[in-house]
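Data first, discussion second: the structure below is written as structure tokens.
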Amino acid sequence: MGSTAVEKIISRSAGRAVQVGEFVEVPVDFAYLHDGTGPLIVDALGKMGVEKVIDPDRVGIVFDHSVPPYSDQAATLQAKVRKFARSQGILKFHDLGEGICHQVMPEKGYVSPGTVVIGADSHSCTLGCFGLFSSGVGATDLAYILATGGTWLKVPETLKVECTGVLKGKLSSKDLILEIVKMVGTDGATYKALEFSGEAVRQMSQSSRMTMSNMAVEMGAKTGFMEADAKTFEFLGRTGPVVKTDSKTETVTVDAGSLDPKVACPGSVANVKSVVEVEGTHIDQAFLGSCTNGRYEDLYEAAKIIKGKKVHQDTRFIVIPASKTIQLAAQKDGLMDIFQEAGAIIGVTGCGPCLGVHMGVLGENEVCVSTSNRNFIGRMGHPKSSVYLASAQTVAASAVEGKITDPRRFA
Amino acid sequence: MLKGRVWKFGDDVDTDVIIPAKYLRSVDQTVWPKHVLEGLDPSFSLKVKLGDIIVAGKNFGCGSSREQAALAIKWAGVAAVIAESFARIFFRNAINNGLPLIECRGISKLVEEGEVIAVDLDRGEVRTNNGMLRSVPLPPFLQEIVNSGGLVEYYKARKKVH
């Protein structure tokens with residue numbers, strides 16, 4: 001009869017064969033948190049009376065939400081988490097300026113294929129593309145993991161998304177995942193694991209895969225699983241088991257080869273249209289960055305479009321690499337010079353304006369085209385501002401034109 | 001048995017509208033209930049009274065993992081949230097903090113804003129002016145966490161190490 005990859009991974013962790021729908025308590029191989037969720041985690045551990053986390057080697061902490069802190073209170077809360085990291089002997093602690101947690105954890109090779117990983121951030125589903133089970137939880141759940149080494153899970157059923165064909169030209173995995181969110185809907189994968197497979201996924205880079213798994217939560221999913229392969233091992237700098245699904249699952253199919261550039265229009269991530277349908281919409285801001293699309297290849301593709309051109313005079317273009325490692329590589333290759341010469345503003349690595357707190361907050365009636373993952377009401381600022389989600393290519397083309405623009409217009 | 005006045009919301013109520021991120025980095029936690037659901041109704045925190053009940057459509061609490069969303073609703077005095085379905089992280093956060101959630105298919109069409117409804121948490125029943133609905137029961141595993149008063153109390157009672 002076989003099992004899904006996620007069933008197999010949870011079974012290994014539980015030490016027995018588990019089945020879909022079962023509630024299980026499982027050891028967690030690696031847990032991570034950031035400066036946003038950290039303070040409530042420290043509080044919860046205090047209330048539990050826990051003086052020592054069970055295994056500091058299995059914990060990662062990254063400061064990415066308020067980089068650098070934008071208020072005295074943000075700084076005070078960070079200091080509390082920093083003190084916690086030091087006193088607990090957590091060595092996988094990355095202070096301000098190292099990058100976004102979902103990027104830094106795999107870059108440092110802290111996670112392994114075939115394992116159970118839990119992060120105190122909803123986008124922890126990103127790491128599922130490294131052939132592991134990774135899911136997001138809130139602060140108290142993460143505190144329980146630090147206290148006991150484990151958590152409870154409902155073994156999810158798997159919804160497979162078979163991506164046939166290969167992405168062409170100015171198309172990217174962001175266009176593909178937006179099309180998938182449109183098909184599945186904002187709650188079409190609630191309580192389920194998504195598994196992305198097919199020729200398009202096999203052909204794409206590990207960074208492009210991260211973009212897809214990152215948005216699994218926008219369909220309600222627990223994780224965005226992909227089979228590990230040589231690219232996965234190279235990214236992590238380590239190998240591990242290749243866990244595969246060998247049972248029948250509910251499956252939807254999407255043809256990556258016939259896509260055109262996509263955009264998620266304001267209010268809902270599933271409100272997806274072709275860029276050509278909204279081309280010409282005025283923008284005030286363009287944002288290239290976040291855990292969805294702040295990687296080297298995103299910067300590279302955007303720089304190709306903007307090289308030798310200028311950002312539109314009425315548009316602010318904000319570029320924020322997802323990690324210091326990415327920023328150093330982009331600097332070395334001249335990409336950051338291209339952006340700055342074009343008139344872009346370079347921000348400090350971290351979550352940046354994605355969650356509407358600093359480094360590019362939108363004013364009343366302002367419009368942003370962004371490579372990030374959420375376009376909810378007020379997500380990036382004023383409740384009457386709006387956000388269009390798109391690929392790095394579409395964002396760069398739009399920054400040049402001052403309006404939403406099809407990147408295929410640029411050679 | 002809970003009895004409370006209903007506030008109605010639609011589908012996909014996300015945690016950014018429940019509590020915008022600009023209020024999260026606050027040392028003073030009493031700030032959160034003052035801005036609860038501000039993204040959808042700026043005056044909600046002034047109107048909501050102790051013991052009121054939120055009724056919503058599908059996928060309530062989608063988006064960010066911020067636990068402040070469950071805390072803001074609880075500390076604003078809301079006695080329970082009843083929805084067609086919940087996003088999974090919000091669901092866990094509410095259970096972990098002792099905010100009662102009831103997943104109840106058909107509820108959003110059956111009740112009206114301002115109506116007083118009765119909720120029997122033990123039996124999983126919701127009584128409205130237009131009839132009674134049964135909720136999707138919580139699995140025993142989670143009922144145990146709820147009965148303990150949340151995950152912190154559950155931990156203190158068991159102190160289990162993996």
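Each value in this text was obtained by applying a stated rule to the coordinates, not by laboratory testing. Being a predicted model, the structure only gives us computed values, none of them experimental. Because the Cβ atoms are built from the backbone with ideal geometry, glycine has one as well, and the counts that use them run over all protein chains shown.
For the stretch B:37-47, what does the Karplus curve 6.51 cos²θ - 1.76 cosθ + 1.60, with θ = phi - 60°, yield as ³J(HN,Hα) per residue in whole Hz, taken in order and with x for Gly and Pro?
Each residue of the stretch B:37-47 in turn: 6, 4, x, 9, 8, x, 9, 4, 5, 7, 8 Hz.
What are the GluC sites (Glu not before Pro) within the stretch A:335-393 that DSSP puts in a loop, where the Cβ has at most 14 other Cβ atoms within 10 Å?
The qualifying sites are A:E364.
Averaging sequence separations of C-alpha pairs under 8 Å and six or more residues apart, then dividing by the length of chain A, give the relative contact order as a whole percent.
Result for chain A is 18 percent.
I need the trypsin sites (Lys or Arg not before Pro) found in the stretch A:275-349, filtered to DSSP loop residues with at most 16 other beta carbons within 10 Å of theirs.
Answer by residue number: A:K307, A:K310.
Cα centroid distance between the stretch B:43-61 and the stretch A:104-120, in Å?
37
On a C-alpha basis, how far is the centre of the stretch A:1-60 from the centre of the stretch A:144-219 in Å? Whole number, if you could?
Distance between centres, Cα-based: 20 Å.
Does the protein assembly as shown come out rounded, prolate or oblate, given a ≥ b ≥ c as the square roots of the eigenvalues of its C-alpha gyration tensor, rounded meaning a/c under 1.5 and, failing that, prolate meaning a/b above b/c?
It comes out rounded by the Cα gyration axes.
The stretch B:126-143 to the stretch A:265-344: how many Å between their Cα centroids?
For the stretch B:126-143 versus the stretch A:265-344, the Cα centre distance is 47 Å.
Expressed as a rounded percentage, what relative contact order does the stretch B:95-149 have, with Cα pairs under 8 Å and six or more residues apart?
40
Tell me, what is the percent relative contact order of chain B, built from C-alpha pairs under 8 Å that lie six or more residues apart?
So the answer I get is 23 percent.
Rounded, prolate or oblate: which fits the stretch B:2-158 when a ≥ b ≥ c are the square roots of the eigenvalues of the alpha-carbon gyration tensor, with rounded for a/c under 1.5 and prolate only if a/b beats b/c?
oblate
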